Amino acid sequence: MTDPTGPLAGTLVVDLTRALAGPHAGMVLADLGARVVKVETPGGGDDTRGWGPPFVEPEGEGDRQSTYFMSCNRGKESVALDLKSEDGRRYLTALVERADVLLENFRTGVLDRLGFSTERLLELNPRLVVLSITGFGHDGPEGGRAGYDQIAQGEAGLMSITGSGPDDPQRVGTPIADLLAGMTGVHGVLAALLERERTGRGQVVRTSLLASVIGVHAFQGTKWTVAGEVGRAQGNHHPSISPYGLFRCADGAVQIAVGSEGLWQRFCAGFGVDPATEGMTTNGERVGRREEVIALVEDLFSSWSAPDLLARLAEIGVPAGKVRTLDEVYAWDQTASQGLLVDVEHATLGTLTLPGPPLRFFDADGAETTRREHVAPPVLDGDGDAVRAWLDAG
């Protein structure tokens, strides 16, 4: 491992998680400079090592690697420990005693049976911050349910507001419930570390896939809790703003966001529309007549090519964009300019390009201090000998 830099440099994280929510949290902490030691099951390791295709094969000898695993384990060390064995428990105990943070997403009760209950962890290390992620919460009538992303997206209501219409529920195209749980967990860990500076003591942080999705319901949540209206999927158009969505043009489609009456005035002036057209003078009226607005806008756009239309919208100051495929996103110079691609040297696969961390840091003089060197996702137990030797040395 290279010596990490960043706000969490000097922080040791023990990552007992697998799949996506917990590993994503661990990767974010690694990006922030923490040393993250990933504890995996001997023989198979994290479940996502087998989630494919796609897999990538080494040119010489070596196991194939899943690209799924690579998406959430950048910057970590891997040590394989059998936590049901005396030797494995001894090494985990030594890690816990040295750690600042421990991440786990076992089903409720599993760690207790292994001899590492919350009480035992904090007995071993009173300064330890424990992040525990479950599917539906640690308690309550359904607290013991296994949590998988798409199930959580459905149970937490996200699929009911995603899709072409009320009868077409769709999952989000990334495992957003898992990712949100990881991100929410990181928020909790950072807050607990900050509080530890005042109290000298660690604590347990709990979140779940369910809680993390409900936590970002935003206006869809208050639409029900305050106004008593149930949000439904309605395709690529905003339920509370119009026109705001995806609109067809001569050779494709563009997206626009007319998010204020001032922008509506600009849009009308730019495309020769009377802003006082009956039933369209206010956003509320336009939302109530959304289909008519969509028909009007697409009629205006029907003779425009997408590039010319985007140029026109930029000229008149109306926010707009196109829908890019992922290959286009990663080829975009704006993506590269934000540090969202990083090159790493993998132990068996050589140089890899990975999606990079979404944060940048600058000092008081404006100089960028963002971490530039990143470490590839580890092969199973690739750091095992070094980690065990470090622990044995005391």
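The values are calculated or read from the model by the stated rules, or taken from the named source; none is laboratory data. Since this is a predicted model, take the numbers as computed values, not measurements. Because the Cβ atoms are built from the backbone with ideal geometry, glycine has one as well, and the counts that use them run over all protein chains shown. Side chains included, ligands, DNA and RNA excluded: accessible areas come from the protein's heavy atoms. Shrake-Rupley method; radii C 1.70, N 1.55, O 1.52, S 1.80 Å.
Within the stretch 119-140, residues that are more than 14 Å from ARG206 (Cβ to Cβ) and at pLDDT 95 or above sit with their Cβ atoms under 8 Å from residues that are open to solvent by less than 10 Å² (accessible area, probe 1.4 Å) and part of a helix (DSSP H, G or I), at 6+ positions apart or across chains, in these pairs: LEU124/VAL96; ASN125/VAL96; LEU128/VAL96; LEU128/LEU121. Scanning the stretch 151-186 for residues that are part of a helix (DSSP H, G or I) and not small (Gly, Ala, Ser) turns up ILE151, GLN153, GLU155, MET159, ILE161, ILE176, ASP178, LEU179, LEU180, MET183, THR184, VAL186.
Residues of the stretch 124-140 that are part of a strand (DSSP E or B) and either open to solvent by less than 10 Å² (accessible area, probe 1.4 Å) or of a type in the set (A, V, I, L, M) (or both): VAL129, VAL130, LEU131, SER132, ILE133. Of the residues making up the stretch 297-345, just one is part of a loop (DSSP other than H, G, I, E, B), closer than 22 Å to GLU368 by Cα and either in contact with a Lys or Arg (Cβ under 6 Å, 6 or more places away or on another chain) or of a type in the set (Gly, Ala, Ser) (or both), namely GLY339. Across the stretch 84-105, the number of residues qualifying as open to solvent by less than 20 Å² (accessible area, probe 1.4 Å), more than 26 Å from LEU194 (Cβ to Cβ) and not in a helix (DSSP H, G or I) comes to 0.
Scanning the stretch 270-287 for residues that are exposed (fewer than 14 other Cβ atoms within 10 Å of the Cβ) and under 38 Å from the mean Cα position of the chain (by Cα) turns up THR282, GLY284. From the residues in the stretch 219-241 that are among the small types (Gly, Ala, Ser) and either assigned to a helix (DSSP H, G or I) or out of contact with any Phe, Trp or Tyr (no Cβ under 9 Å at 6 or more places or on another chain) (or both), which one is surrounded by the fewest Cβ atoms within 10 Å (Cβ to Cβ)? Selected residue: GLY228. Taking the conditions (1) in contact (Cβ under 8 Å) with a residue 40 or more places away in the chain; (2) on the phi > 0 side of the Ramachandran plot; (3) more than 20 Å from the chain's Cα centre (by Cα) in turn, LEU12 satisfies each one other than (2). Taking the criterion of being touching a Pro at 6+ places or on another chain (Cβ under 9 Å), open to solvent by less than 50 Å² (accessible area, probe 1.4 Å) and in contact (Cβ under 8 Å) with a residue 24 or more places away in the chain, the residues of the stretch 41-73 that qualify are ASP46, THR48, GLN65, PHE69, MET70, CYS72, ASN73.
Can you pull out the residues in the stretch 296-352 that are of a type in the set (S, T, N, Q) and either on the phi > 0 side of the Ramachandran plot or free of Cβ contacts under 8 Å to residues at least 12 places away in the same chain (or both)? Of everything in the stretch 296-352, those that are of a type in the set (S, T, N, Q) and either on the phi > 0 side of the Ramachandran plot or free of Cβ contacts under 8 Å to residues at least 12 places away in the same chain (or both) turn out to be THR325, GLN334, THR335, SER337, THR351. If you check GLY154, GLY202, GLY143, GLY182 for being surrounded by fewer than 22 Cβ atoms within 10 Å (Cβ to Cβ) and either under 30 Å from THR325 (Cβ atoms) or at pLDDT 95 or above (or both), only one passes: GLY154. Restricting attention to the stretch 248-288, the residues that are in a loop (DSSP other than H, G, I, E, B) and either of a type in the set (Gly, Ala, Ser) or touching a residue at least 40 places away in the same chain (Cβ under 8 Å) (or both) add up to 8. Taking the condition in contact with a strand residue (DSSP E or B) (Cβ under 6 Å, 6 or more places away or on another chain), more than 23 Å from THR162 (Cβ to Cβ) and open to solvent by less than 50 Å² (accessible area, probe 1.4 Å), does ALA257 pass? Judged against the criteria, ALA257 is not a match. If the condition is being open to solvent by 60 Å² or more (accessible area, probe 1.4 Å), at pLDDT 95 or above and assigned to a loop (DSSP other than H, G, I, E, B), then the stretch 346-359 contributes PRO358, LEU359.
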